[in-house]
Amino acid sequence: MSKKWYDNTTVIITGASSGFGKLLAQKLVKNHNCKVIGIARTISKLEDLKQELGENFSYYPFDVSDNSKWEELYKTLTDNNISVDILINNAGILPPFKKFENTTIESVEKVMQTNFFASIYAVKNMMPLIKKSPNRAIINISSSAALSTVVGTVSYSASKSALKSFTESLALENDDFYISLVCPGFAKTEIFRSQKQGSEKENLLLQKVCSNPEKIVNKLLKKLAKKKKRIVLGADAKAMDFFTRLFPTLTLKAIKWVLKKSKVSLFDEVFLE
Ligand SMILES: NC(=O)c1ccc[n+]([C@@H]2O[C@H](COP(=O)([O-])OP(=O)(O)OC[C@H]3O[C@@H](n4cnc5c(N)ncnc54)[C@H](OP(=O)(O)O)[C@@H]3O)[C@@H](O)[C@H]2O)c1
């Protein structure tokens, strides 16, 4: 495998206990000799990963939407002379698809806290540390929902759009950092755990629409190696990006029409009369 700029670096990954974050941790430790600092809330999953990856994986179990925990992490890292090169803000939640009128304020606040403010806290607290590295980089995992809003995802789309704008703005201010915006499409990770469970037939259909998470992460690492600043991953995300640029209003309506016609129970609550 050819040498990559991120080989042998120390990387903080939020949401390292499952999905993209776990795959990134595994690949960066095993294939690139990185030291990964994983953050998530589920200690048992982080401990399992520690058993698998050994001394190059350490973890801090906390809720990323709590700024005081980021302040504590900064203190712990500096007190122990631990340097960090790369921050990957990946932790995120997808609430059940439903209409805004049936969404609670508490749910919107939780999504904004986890998917947007957590990255603000992480960058604010970790940037002074990362700034010291010659390989300084911040990678924010947004979503195709930030490129093309999907009906029934008011808080998710808003949170990922806010993260997109934050990332682009931050990049404009910091030419000396590699800052990247990542927008994956649907991939079958555990992110769907809080969604309405459909029939076996529907699950098969979703599997077909969704990308394989491992393929997405392999592609992501390839694009990061080239220091791409805007990374769109998955055929669905690329199509959404392309058509929304050409036909901004029509594309959103077309996606809504397709989801309605699909009659997949995942979207039942979105199309309640
Ligand atoms: N899968 C997709 O289709 C898709 C598409 C576009 C974008 N994305 C984005 O990709 C990122 C990763 O998602 P995924 O698909 O890998 O989902 P996943 O399998 O559900 O993983 C989400 C990770 O985030 C962590 N997390 C959630 N809330 C947290 C909190 N408050 N504090 C700390 N950690 C928290 C979870 O750990 P704990 O529960 O242990 O805390 C878990 O490790 C998310 O930002 C998601 O929005 C995913």
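The values are calculated or read from the model by the stated rules, or taken from the named source; none is laboratory data. This one's a predicted model, so the numbers in the text were calculated from it and none came from an experiment. Cβ: placed from backbone, ideal geometry, glycine included. Neighbour counts: every protein chain shown. Just so you know, the surface numbers come from the protein's heavy atoms only, side chains and all, with ligands and any DNA or RNA stripped out. Shrake-Rupley method; radii C 1.70, N 1.55, O 1.52, S 1.80 Å.
Values computed for the structure shown
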item	result
So Ala16, is it in a helix (DSSP H, G or I) and either over 21 Å from Glu190 (Cα atoms) or open to solvent by less than 40 Å² (accessible area, probe 1.4 Å) (or both)	no
Scan of the range 179-194 for residues that are open to solvent by 20 Å² or more (accessible area, probe 1.4 Å) and under 14 Å from Met240 (Cβ atoms), ordered by number	Phe186
Helices (runs of 4 or more DSSP H) wholly inside the range 181-273 that include at least 1 residues being more than 22 Å from the chain's Cα centre (by Cα) and of a type outside the set (Val, Ile, Thr)	200-209, 235-246, 248-262
Boolean, Glu173 is open to solvent by less than 90 Å² (accessible area, probe 1.4 Å), more than 16 Å from the ligand (Cβ to nearest atom) and of a type in the set (D, E, K, R)	no
Which numbered condition Ser107 misses (of (1) within 13 Å of the ligand (Cβ to nearest atom); (2) more than 17 Å from Ile12 (Cα to Cα); (3) of a type in the set (Gly, Ala, Ser))	(1)
Qualifying residue in the range 73-88 (condition: on the phi < 0 side of the Ramachandran plot, within 15 Å of the ligand (Cβ to nearest atom), among the basic types (Lys, Arg) and part of a helix (DSSP H, G or I))	no
Flag if Ser157 is modelled with pLDDT of 95 or more, surrounded by fewer than 17 Cβ atoms within 10 Å (Cβ to Cβ) and within 16 Å of the ligand (Cβ to nearest atom)	no
Residues being under 23 Å from Ser68 (Cβ atoms) and part of a helix (DSSP H, G or I) - total across the range 116-169	19
